1. Output the number of the condition that residue 166 fails; it satisfies all remaining conditions of (1) of a type outside the set (Phe, Trp, Tyr); (2) surrounded by fewer than 20 Cβ atoms within 10 Å (Cβ to Cβ); (3) out of contact with any Lys or Arg (no Cβ under 6 Å at 6 or more places or on another chain).
2. In the list 112, 92, which residue meets the criterion of being closer than 24 Å to residue 159 by Cα, among the aromatic types (Phe, Trp, Tyr) and in a helix (DSSP H, G or I)?
3. Name the residues in the range 133-153 that are in a helix (DSSP H, G or I) and in contact (Cβ under 8 Å) with a residue 40 or more places away in the chain, would you?
4. How many residues are part of a helix (DSSP H, G or I) and either of a type in the set (Gly, Ala, Ser) or within 19 Å of residue 10 (Cβ to Cβ) (or both) when one looks only at the range 186-226?
5. Looking at residue 90, is it without any contact (Cβ under 8 Å) to a residue 40 or more places away in the chain, closer than 22 Å to residue 140 by Cβ and crowded, with 17+ Cβ neighbours inside 10 Å?
6. Need pairs with beta-carbon distance below 8 Å; first residue under 15 Å from residue 24 (Cβ atoms) and in contact (Cβ under 8 Å) with a residue 24 or more places away in the chain and within the range 54-73, second assigned to a helix (DSSP H, G or I) and charged (D, E, K, R); sequence gap 6+ or separate chains.
7. Out of 41, 68, report the one residue that is of a type in the set (Lys, Arg), touching a helix residue (DSSP H, G or I) at 6+ places or on another chain (Cβ under 7 Å) and either surrounded by 15 or more Cβ atoms within 10 Å (Cβ to Cβ) or part of a helix (DSSP H, G or I) (or both).
8. If I ask for residues that are of a type in the set (Lys, Arg), touching a strand residue (DSSP E or B) at 6+ places or on another chain (Cβ under 8 Å) and farther than 20 Å from residue 108 by Cα, which ones from the range 178-232 would you list?
Amino acid sequence: MKVGCCGFPVRMDQYFREFKVIEIQRTFYKLPRIQTTIKWRDLAPTEFEFTLKVPQFITHEPTSSTYRKAGIEISSAEKNLYGSFKPTEQVFKAWDEIRKRAKILRAKIVVFQCPASFKPTKENIENMRNFFLTIDRKDFLCVWEPRGKWEDSIIMALCKELDLIHCVDPFLRKSVWGELKYFRLHGGPRYRHKYTDAELEALRKKCEDETYCMFNNRYMYEDARKFKKIIS
């Protein structure tokens, strides 16, 4: 079992001393420079593991507030070229760029988090098929976190067909596909919840040997440290 945070909640050197894995969130908003990625790799211990969240250009449409948060403006003429796994040059370029950084960091897991607005329409499902069957992904495990109203049967069928790992917040739903489990703990609305000892004990019971428990709430540092003590 591996425990970590989604993003650095403390200084890098302190984090590297306390944890063995991190999910890089920065790559979702804006891709870091290649040299910055190399610096992260060189600062981390040899056995440390990075996972990366793919750029929003792949999963989120420009109407998402996440573009505004990142200070990114897409022209009206190009708004239909981003997000929802669309088969466009812009989407495939975003994959190529995150792939370069994942290889530098020796990451084996890349995370595709979709917004709740990404629904199981025929077009969205076909876009997913086209994307995952086209990209070069042989070096990676692709973790997919659908949100919104996706039925388990559809998720299972797509994960099986496209070789994806179903990512969940285990307090909200059960993962339906993947020998490896990848949990992202969001802490409820606005990420504000601080997990109790009882909740973390319940989380321990949901985990298997090959499970990633990645805390993504406001108290992720405290909760991840506490959970490490519980499982040890």
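1. So residue 166 meets the others, but not (2).
2. Working: 112 fails: in a helix (DSSP H, G or I).
It is 92.
3. Passing the criteria: only 134.
4. 10
5. Answer is no for this residue.
6. Going by the 8 Å Cβ cut-off, the qualifying pairs are 55/97.
7. On the way: 68 fails: touching a helix residue (DSSP H, G or I) at 6+ places or on another chain (Cβ under 7 Å).
Going through 41, 68 in turn, just one is of a type in the set (Lys, Arg), touching a helix residue (DSSP H, G or I) at 6+ places or on another chain (Cβ under 7 Å) and either surrounded by 15 or more Cβ atoms within 10 Å (Cβ to Cβ) or part of a helix (DSSP H, G or I) (or both): 41.
8. The first filter runs over the range 178-232 and keeps only residues of a type in the set (Lys, Arg), leaving 181, 184, 190, 192, 194, 204-206, 218, 225-226, 228-229.
Still in the running and touching a strand residue (DSSP E or B) at 6+ places or on another chain (Cβ under 8 Å): 181, 184, 206, 228.
Matches in the range 178-232: 206, 228.
The values are calculated or read from the model by the stated rules, or taken from the named source; none is laboratory data. Remember, predicted model here, so these are calculated numbers, not experimental data. Every residue, glycine among them, receives a Cβ derived from its backbone with ideal geometry; neighbour counts consider all protein chains shown.
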